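> Let me give you the structure first, and then I'll get to my questions.
The values are calculated or read from the model by the stated rules, or taken from the named source; none is laboratory data. Since the model is a prediction, treat every value here as computed from it, not as a measurement. Note that we place each Cβ from the backbone using ideal geometry, even for glycine, and neighbour counts take in every protein chain shown.
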Amino acid sequence: MKILRLPIKAQWYGKIYAGLKGDEYRDIKGHYISRFFEGKLDRALHDLFETELQCSDAPLADIAADYNLKVREYDAVELTVGYRRDAPKSLFEWKGLSIGEGRIEWGAEPGKRVFRIHLGNRITNTNT
């Protein structure tokens, strides 16, 4: 099973765990580009790709294809509160990835485009 592992603040974990928040957000930055796309980019193309992701309304797969990249697929997303080994964590279905503005009530900055990780049902948890 291919799992995307992400640390998350307790406030947002609680909302997702309770079923009140269906997406998790991540900045459009190099670290997440490397986790969400398969392929290699040199530094100049990487910066251009990041800029295009922040500005374009085209589908992610189309943007990625222009750079000979592919959107990485996962089976599940594991969310962990912080970084402690014994922290609460849950596994959720991966429902896809998109780019857009997040909901302010879910912690998004107004007017800022982000990666939106779409979560499905909770699969397992070790909520302690």
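> Does at least one position in the stretch 59-68 carry a residue that is over 22 Å from M1 (Cα atoms), of a type in the set (S, T, Y) and exposed (fewer than 12 other Cβ atoms within 10 Å of the Cβ)?
Among the residues of the stretch 59-68, not one is over 22 Å from M1 (Cα atoms), of a type in the set (S, T, Y) and exposed (fewer than 12 other Cβ atoms within 10 Å of the Cβ), which makes the answer no.
> Out of everything in the stretch 97-124 that is loosely packed, with under 14 Cβ neighbours inside 10 Å and over 18 Å from Q54 (Cβ atoms), what residue ends up being farthest from the chain's Cα centre (by Cα)?
Residue satisfying both the conditions and the ranking: T124.
> Another question, if that's okay. If you check A18, A44, which single one turns out to be among the aliphatic types (A, V, I, L, M), surrounded by fewer than 18 Cβ atoms within 10 Å (Cβ to Cβ) and under 20 Å from F92 (Cα atoms)? It would help to see each step written out before you state the result.
On the way: A44 fails: under 20 Å from F92 (Cα atoms).
Selected residue: A18, the only one of A18, A44 that is among the aliphatic types (A, V, I, L, M), surrounded by fewer than 18 Cβ atoms within 10 Å (Cβ to Cβ) and under 20 Å from F92 (Cα atoms).
> Now, a different point. Working only within the stretch 80-94, note down all residues that are surrounded by fewer than 14 Cβ atoms within 10 Å (Cβ to Cβ) and touching an Asp or Glu at 6+ places or on another chain (Cβ under 9 Å). Let's see the steps before the verdict.
As a first pass, look at the stretch 80-94 and keep what is surrounded by fewer than 14 Cβ atoms within 10 Å (Cβ to Cβ): 82-86.
Selection gives nothing.
> Looking at G22, G39, can you tell me which residue is over 23 Å from I104 (Cα atoms), touching a strand residue (DSSP E or B) at 6+ places or on another chain (Cβ under 7 Å) and not hydrophobic (A, V, I, L, M, F, W, C)? Give the steps one after another, and end with the answer.
Details: G22 fails: over 23 Å from I104 (Cα atoms).
Every option except G39 fails the conditions.
> Ok, one more. Output the residues belonging to the stretch 21-41 that are among the aromatic types (F, W, Y) and surrounded by fewer than 16 Cβ atoms within 10 Å (Cβ to Cβ). Step through it out loud before you land on a result.
Step one: list which residues in the stretch 21-41 are among the aromatic types (F, W, Y), which gives 25, 32, 36-37.
Selection gives nothing.
> Test each condition in (1) modelled with pLDDT under 90; (2) on the phi > 0 side of the Ramachandran plot for C55 and report the one that comes out false.
C55 satisfies all of (1) modelled with pLDDT under 90; (2) on the phi > 0 side of the Ramachandran plot except (2).
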